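Inspection log for the structure reproduced underneath, given as structure tokens.
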Amino acid sequence: MTSPPAAALFAVAQAAGFLLLAPLLRGLLRKMTAAFQLRQGPRLLQPYSDLVKLLGKEPVRSTTASWVFAAGPRVYFASAVAATALVPAVVASAPLEAAGGILLFVGLLALGRFALATAALDAGSPFGGMGASREMTVGALAEPALMLALFTAGLSAGSLNLGELVRRTAERGVSIHPSEVLAAAALFIVLLAEAGHVPVDNPATHLELTMIHEAMVLECSGADLALVEWGSAVKELLFMTLLAGLFLPIGVATSLAPSTLAVGLAALAGKVLGLALLVVLVESTNAKLRFFRVPELMAVALGLAFLALATRFF
Amino acid sequence: MGTAEPGAWILLAGATRLAASATALAFRRRPQIGRVAAFGGAAIASALTGGAGLLGLAAPSPLRGRLFVHEASGLTLGYSLDALSGFFLVVLAILGVAVAVYSVGYFAHSRPGRLAFVGVAFNVLLGAVEMVFVADGAIGFLLAWELMTLATAALVATEHEEPAAPRAAFLFLALSHVGTGGLAAGFFLLASGAPSLAFSDILGPGVAALPSRDAAFLLFLAGFGVKAGMIPLHVWLPEAHPAAPSPISALMSGVLIKAGIYGIFRVCVVGLGPPPLAWGGVVLALGAVSMVLGVLYALMQHDLKRLLAYHSIENIGIILLAAGVGMVSLSLGRPGLAALALAASLLHVLNHALFKGLLFLGAGAVVAECGTPNIEHLGGLVRRMPWTAGFFLLGAMAISGLPFLNGFVSEWLVFQSLLLGFHSSADAFVRIAFPVGGALLGLTTALAAACFVKAFGITFLAAPRGRGAAEARETGRLMLAPQAGLALLCLAIGLVPGPLVSRLGRLAGSLVGAGAGGAGLETSVVRIAPSAPAFDGLSVPLAAAALAVPLALAALLASRAAFAVRRAPTWGCGGALGAETEYTATAFSKPLMMIFAAIYRPTREVSRLETTPYFAREVRYRSEMEPTFERFVYRPLTRGVLALAGRMRVIQAGSLHAYLGYVMALVLFLVVLLWWRG
């Protein structure tokens, strides 16, 4: 994967894979949640239909909105897709490892969040402001835990480059060192916050007092909304892939032979399915936290991440 | 004098400043000419300064020479220009040119007499900062330092009809003089055994033998820390920046507070011999506290310029954090890592000057057009002032450390130095302080992003909240061009950081004696590897390409939106939306205020005027943060000093006999002292 055309091809292929499969994860999460609630739920492929329908619709934009409002969803979508090139998925290497590692990954997601939150303020509705304020707050509170957990993984592998990190983890094999468990738990909490799941946010609500992400994108419609939804789905799948790659290095393909690739793909699917089940389990058995209790959850994540670091290095 | 003689450039710049000031004074009744002469001259002089700076950057060894010799007293003012001075001169030059051009437009409607005054003080300030950066001895340095302080105070007090301005200027003067006192005391300590007051005699590895080295370090750190706005010595900064005219605020934030950083680099980092671990620890801790508290306080500000001022404290914190990492690495005998951290610190010095200068110039345009710095009364300016809005957005993204702008690169380098330091040292302090520093830097960056979503969103987006904003117009080209230039520089450094980073790596390497390479900072791909294999690389162009492709894809997917967009008023849940229903800056930052209530200690007061218990006719709401440092540090201090002064009044009796007695006593004391010592 060193020659530029091969890397570019790899990046395009991986991004396409993420784009194609992310709505499936959304559908899966909804279906499983419905099953927990003894409902039938929407069909598995419903998110695809939603995307197609929304992409074909004309967006309605506020009369007060400017170009910033149009730029928000596009930058958000693009930053999530660009981040897929930095994370190893099926193969133990990322397409654009030379571009940067963990810090660029975090930076790209921050760029998307900044763009969307700014756009949310443009419509002049109080909901947008409320959502933007809450999203930026939760994002800021999750940041130290995210950084510390990723640093722990990076420092124990000796690299901050995600491809290198996953390769070294795969070489070492599965470890049940307490540090790994603690860091994985911290990252899982960050995943719940970043992807907007209960107990931090409720993706299914439109009740003004409780929504965070949904309030922020309330004024988006048509193709704008489709890009936001798709971007969020890619971001969620990306976080799960990252978590799986960093802490469950089983079956990651280390060569390009078809058989190992198939094993890698199956392993990744299995791991993401497991994580999705865990997310649904948490969502179904917990109530959404009051917004001002969220900092406590984030403090727990930070504490776990710090303990992970301490158990690894002291 | 050939072109390789930087003294000629410095003298020429000085002469230009003098001529510009003289013309401004001579034409004080013809402001059109005076304005162009004063600020145009300042722009040319700044460009000359930049020439001298580039010479310094390119010079293999310090260039020395004399600027001024006073035969009668034997006073000689020399200059010494090395790469560090050169770098700071270049920062000064870039911002000096931008601010000077902007000022030609900004002061167009200023009162004639005041204009001449501002023009002269502006030139004096730029010249003084230049002298600070090139001074080769304690005397010249302190003279320039004092001149810089006085010129700044004069500029802060420009709009002296406003009660806040003289107060801010006084606070600045008082704290600065305490700081200068610390510097003078520090230089005295160093000079006690030295043959002269030249830096080459009093600074350097020889100081390591001095018993009072720790005291000197603390004196210098406090003295320079006041100027840099380091917490807890920062209290003047959020008062002085908003009180000064906006271009002056840009200059203060971009260059003046960097004079403090220059001093810390020149003296504390490398000038007092190899720093012990504790020094680095102190600088690192003060940097971490400054950056976190700076951004937290910034979040609660609704005055655009005050908000930017608190962000200066935050960025000074980041600069100091990196400098602290460099000092700790030096004390652990890892010059390569130290070079990396110091390069990150220096790059952030430049970056902060660029984006904060840009933001202050943008804020100046907004304040001048709308008549208020209070963002609660602004809004909708993206339509009225599209260029200013675009430039401000770029600056906001840069200061939030988002990719593809310069802030990301320097913060990335700081993270790298923290992690590499952790990875390669088993020292207990490093193992705790570095990851905590990294987590705090992450928090700071994310909070800064939240703050600038607020600052940009409330100021420029949605509907105007006040008449000033509703009737604002785009500013003139003279005020837009400098913003465009600074924005382009932010973008350029963000996209192609390689050459600059490797140059700064060499500079930092030569500072700490790590050899020419310093850290292995390569060009197009910034790979960082002082000793171990590469920890992580960053290729911003590649990453930018990776973003551009999906951006194009998004545009393609949503191409329908390009042709068919329906416009409709925002749904107001059945009511009408307007300026009063928009989300406010107070509301935006309220969650963070509640979460960090232990730090802010907010008090609020709600009073209801009601006719029936169910419907309030009027609700008044007031919320305030407790100014912790002012109340718990400075108020007791001021009281103590005043009480002491009250006691001292006893000896100031106003009686001539008593004063003669004091003189007599002093003479006697000196005679006895002389006799006793031999």
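Taken together, the values in this text are just the output of simple stated rules run on the coordinates, not laboratory data. Source: prediction; values computed, not measured. Ideal geometry is used to build each Cβ from the backbone, glycine not excepted, and the neighbour counts take in all protein chains shown.
When Lys and Arg each count +1 and Asp and Glu each count -1, what net charge do the other residues less than 11 Å away from A:R39, Cβ to Cβ, add up to? Mind showing how you got there, number by number?
Details: positive: A:R30, A:K31; negative: none.
Net charge around A:R39: +2.
What does the extension gain come out to for B:R635 and B:L674, with contour length at 0.36 nm per residue minus their alpha carbon separation? Numbers along the way, then the final one.
Values: separation 39, 0.36 × 39 = 14.04 nm, distance 4.19 nm.
Length gained, B:R635 through B:L674: 9.8 nm.
Arranged by the count of other C-beta atoms within 10 angstrom, fewest first, what order do A:E97, B:E146, B:E369 take?
Least to most surrounded, the residues fall as B:E146, B:E369, A:E97.
Which of the trypsin sites (Lys or Arg not before Pro) found in region B:392-485 are loop residues per DSSP with 11 or fewer other Cβ atoms within 10 Å of their Cβ?
B:R473
Find the relative contact order for region B:156-273 and round it to a whole percent, using C-alpha pairs within less than 8 Å whose residues are 6+ positions apart.
Relative contact order here is 36 percent.
Would you calculate a helix-derived [θ] at 222 nm for chain A, using -39,500 (n - 2.57) for each DSSP H run of n ≥ 4 and dividing by the full residue count, to the nearest 500?
So the calculated ellipticity at 222 nm is -24000 deg cm²/dmol.
In what sequence, highest mean first, do A:188-201, A:251-264 appear when ranked by Cβ atoms within 10 angstrom?
The peptides rank, most packed first, as A:188-201, A:251-264.
How large is ³J(HN,Hα), in whole Hz, for each residue of region B:638-651 in order, when computed from phi with the Karplus curve 6.51 cos²θ - 1.76 cosθ + 1.60 and θ = phi - 60°, using x for Gly and Pro?
My calculation for region B:638-651 gives 4, 4, x, 5, 5, 5, 4, 4, x, 5, 5, 4, 4, 7 Hz in order.
Sort B:318-325, B:256-263 for me by packing, meaning the mean count of neighbouring Cβ atoms within 10 Å per residue, highest on top.
Values: B:318-325: 29.9, B:256-263: 25.9.
Per-residue mean Cβ counts within 10 Å order the peptides as B:318-325, B:256-263.
Once you average over the residues of B:210-222, how many Cβ atoms of partner chains fall within 10 Å of each Cβ?
0
I'd like the antiparallel share, as a percent to the nearest 5, of DSSP beta bridges with both residues in the protein assembly as shown.
Values: 20 of 24 bridges.
Percent antiparallel among DSSP bridges in the protein assembly as shown is about 85.
When Cβ neighbours within 10 Å are restricted to other protein chains, what is their mean count per residue of peptide A:289-299?
Mean number of neighbouring Cβ atoms from other chains: 1.
Non-local amide H neighbours of B:G379 (under 5 Å, H modeled in plane, Pro and chain starts lacking H): which ones?
Excluding prolines and chain starts, which carry no amide H, the hits are B:R465.
Summarise the partner chain shielding of A:105-116 as one whole number: the mean count of Cβ atoms from other chains within 10 Å of each residue's Cβ. Mind dumping the intermediate values first?
Details: counts 2, 6, 11, 6, 1, 10, 10, 2, 5, 11, 3, 1.
Across A:105-116, the average partner-chain Cβ count within 10 Å equals 6.
With the contact rule set at Cα under 8 Å and sequence spacing of 6 or more, what percent relative contact order holds for chain B? Could you put the intermediate results ahead of the total?
Numbers: 1124 pairs, mean separation 67.1, N = 678.
This gives 10 percent for chain B.
Separation of region A:22-93 and region B:188-248 by C-alpha centroid, Å?
Distance between centres, Cα-based: 55 Å.
Enumerate the amide H contacts of B:L63 below 5 Å, restricted to partners 5 or more residues apart or on another chain; note that Pro and chain-start residues carry no placed amide H.
For B:L63, the qualifying residues are B:L81, B:D82.
Cα-Cα over 24 Å: which of B:K305/B:K454; B:K227/B:K356; A:K31/A:K57?
Those over the limit are A:K31/A:K57.
Convex hull over the Cα atoms of region B:156-273, averaged projected area in nm²? Could the numbers behind the result be given before it?
Values: hull surface 29.4 nm².
Its Cα hull, projected and averaged over all orientations, spans 7.4 nm².
Starting from region B:1-96, pick out the trypsin sites (Lys or Arg not before Pro) whose DSSP state is loop and whose Cβ has at most 16 other Cβ atoms within 10 Å.
The qualifying sites are B:R29.
Can you run phi through the Karplus equation (6.51, -1.76, 1.60; θ = phi - 60°) for region A:135-149 and list ³J(HN,Hα) in whole Hz, with x for Gly and Pro?
Values, residue by residue: 4, 5, 5, 4, x, 5, 6, 7, 4, x, 5, 4, 4, 5, 5 Hz.
Run lengths n ≥ 4 of DSSP H only: what is the helix-derived mean residue ellipticity at 222 nm for chain B, with -39500 (n - 2.57) per run over all residues, to the nearest 500?
Per the formula, -22000 deg cm²/dmol.
Using Cβ counts within 10 Å as a stand-in for footprinting exposure, how do B:W571, B:W675 rank, fewest first?
The order, fewest Cβ neighbours first, is B:W675, B:W571.
For region B:70-84, in order, what is each residue's ³J(HN,Hα) by Karplus, 6.51 cos²θ - 1.76 cosθ + 1.60 with θ = phi - 60°, in whole Hz (x at glycine and Pro)?
9, 4, 4, 9, x, 6, 10, 9, x, 10, 9, 10, 10, 5, 5
Which order do the peptides A:89-96, B:361-368 come out in when sorted by mean C-beta neighbours inside 10 angstrom, highest first?
Details: A:89-96: 24.5, B:361-368: 27.0.
Packing order, densest peptide first, comes out as B:361-368, A:89-96.
Counting other C-beta atoms within 10 Å, which of B:Y102, B:Y621, B:Y659, B:Y297 has the fewest, and how do the rest follow?
Listing B:Y102, B:Y621, B:Y659, B:Y297 from fewest to most nearby Cβ atoms yields B:Y621, B:Y659, B:Y297, B:Y102.
Would you please name the trypsin sites (Lys or Arg not before Pro) within region A:235-302 that are DSSP coil residues with at most 15 other C-beta atoms within 10 Å of their C-beta? Present the calculation step by step, with values, prior to reporting the outcome.
On the way: sites: A:K235, A:K271, A:K288, A:R290, A:R293; in loops: A:K288, A:R290.
Those that pass, being in a loop and sparsely packed, are A:R290.
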